[in-house]
Structures are given as structure tokens and as C-alpha cells.
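Asker: The structure is given below, and queries will be raised subsequently.
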Ligand SMILES: Nc1nc2c(ncn2[C@@H]2O[C@H](COP(=O)(O)OP(=O)(O)OP(=O)(O)O)[C@@H](O)[C@H]2O)c(=O)[nH]1
Ligand SMILES: [Mg+2]
């Protein structure tokens, strides 16, 4: 079964992404994920499992790496209105690539409908060729189809 893991700091939109593709809804309220939630999903006609992880360290628990094992795709989210979440992308990548060096990495800058703080992005530290960068607004749906296409191509 193809495994997709959602990574990124707290509040960047991982759970919102999952809700929007599974239920077509957008949650306005923020409720931090604890540990990881695993959801089966049909994506482009294929069965996948999506692992929605906790971005807040205190809610993650001790065994972060176990969520990554056998991941096919790691989607690393950040918030375009929150610089720290952007600098954290490198840490999430460095951590994940140790455990799943062959995974596809997809970087997503979210909340694109808001005035952005992160204007220049540079992901040169990502050494794999299996990478792409997308900007989306999960709230408005802007960019979401391109992102889903990229994920499907990586399956
Ligand atoms: N304006 C705006 N807000 C968004 C967007 N996507 C998500 N949010 C909001 O951002 C907040 C955090 O969303 P979550 O999806 O719960 O964040 P998370 O990454 O799962 O956070 P953790 O579970 O703590 O790691 C919520 O209040 C959402 O409504 C977007 O595209 N635009
Ligand atoms: Mg969450």
C-alpha cells in the first residue's frame, strides 16, 4: 500500500489538507494533531494511506521516525505567512531523508491567499531529483489541483 506522510510545523495546514481532499470541507478552527492519524484514501484510482503527523513537538511523542517507515511520498508543508515554518522545512527534510532516502519529496507553501511573508524560496539542500514545490491555498482551493496531480504522478 502506498504511504504518504504529511510533515511540517504546527498550524501549517496538514490536517486541513486532508480534510479538504477527504471531505471537501475546510476547517476554520485549529486543533493540533496528536501523534499521527492514519487515513485510507482513494487518490487517482489508487489506494493510499495518508499519515497526518503532529507538527508540534510536544504533541508528537517520542517515535517520530516510526511514522516515516516505508513512506513513498513525504509532503512537507509550510505557511507562507510564517517564516519560521519555512526555515523548518529544512529540518523536516533532513530528518525524513535519513529514514526514507528514496521517497519523493513534495514541498508545499500554504495560505497563498493571505499577504505573504516568505517571498523567496530556496530548496537547494534537497538533494533528490524526486522533488517539486507548490503553492496552494487550502482555504480557497487555489493550486490544489496541481498539487494533487504532482502527488498522483509520484505514486
Ligand atoms: N487563511 C488560511 N488558513 C488556513 C489555510 N489552510 C489552513 N488554514 C488554517 O490554519 C490552521 C491550522 O490548520 P491545521 O491543518 O490544523 O494545521 P496542522 O498542520 O495540521 O497543525 P498540527 O496538527 O499542529 O501539526 C487552521 O486554523 C486552518 O483553518 C489556508 O489556505 N488559508
Ligand atoms: Mg494537524
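Asker: In the range 9-28, which residue that is in a loop (DSSP other than H, G, I, E, B) and near ligand 1 (Cβ under 6 Å from one of its atoms) is nearest to residue 67 (Cα to Cα)?
Answerer: The residue in question is 10.
Asker: Considering the range 48-62 alone, what residues qualify as being out of contact with any helix residue (DSSP H, G or I) (no Cβ under 7 Å at 6 or more places or on another chain), at pLDDT below 95 and surrounded by 10 or more Cβ atoms within 10 Å (Cβ to Cβ)?
Answerer: The answer is 56, 57, 59, 60, 61.
Asker: Does residue 115 count as within 16 Å of ligand 1 (Cβ to nearest atom) and more than 17 Å from the chain's Cα centre (by Cα)?
Answerer: yes
Asker: Checking the conditions here, which among 139, 84 is out of contact with any strand residue (DSSP E or B) (no Cβ under 7 Å at 6 or more places or on another chain), touching a residue at least 12 places away in the same chain (Cβ under 8 Å) and within 16 Å of ligand 2 (Cβ to nearest atom)?
Answerer: Numbers: 84 fails: within 16 Å of ligand 2 (Cβ to nearest atom).
Every option except 139 fails the conditions.
Here is a yes/no grid of residues against (1) away from ligand 2 (no atom under 16 Å from the Cβ); (2) crowded, with 18+ Cβ neighbours inside 10 Å; (3) farther than 23 Å from residue 150 by Cα:
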| position | (1), (2), (3) |
| --- | --- |
| 20 | no, yes, no |
| 33 | no, yes, yes |
| 69 | yes, no, no |
| 92 | no, yes, no |
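Asker: Does residue 7 satisfy being within 20 Å of residue 102 (Cα to Cα) and touching a helix residue (DSSP H, G or I) at 6+ places or on another chain (Cβ under 8 Å)? Steps first, please.
Answerer: Numbers: within 20 Å of residue 102 (Cα to Cα): yes; touching a helix residue (DSSP H, G or I) at 6+ places or on another chain (Cβ under 8 Å): yes.
The answer is yes for residue 7.
Asker: Can you tell me how many residues in the range 39-56 are under 21 Å from residue 100 (Cβ atoms) and within 13 Å of ligand 2 (Cβ to nearest atom)?
Answerer: Residues flagged as under 21 Å from residue 100 (Cβ atoms) and within 13 Å of ligand 2 (Cβ to nearest atom) within the range 39-56 amount to 7.
The values are calculated or read from the model by the stated rules, or taken from the named source; none is laboratory data. Everything numeric here is computed off the predicted structure, so don't read it as measured data. Positions of Cβ are backbone-derived with ideal geometry, glycine not excepted, and every protein chain shown enters the neighbour counts.
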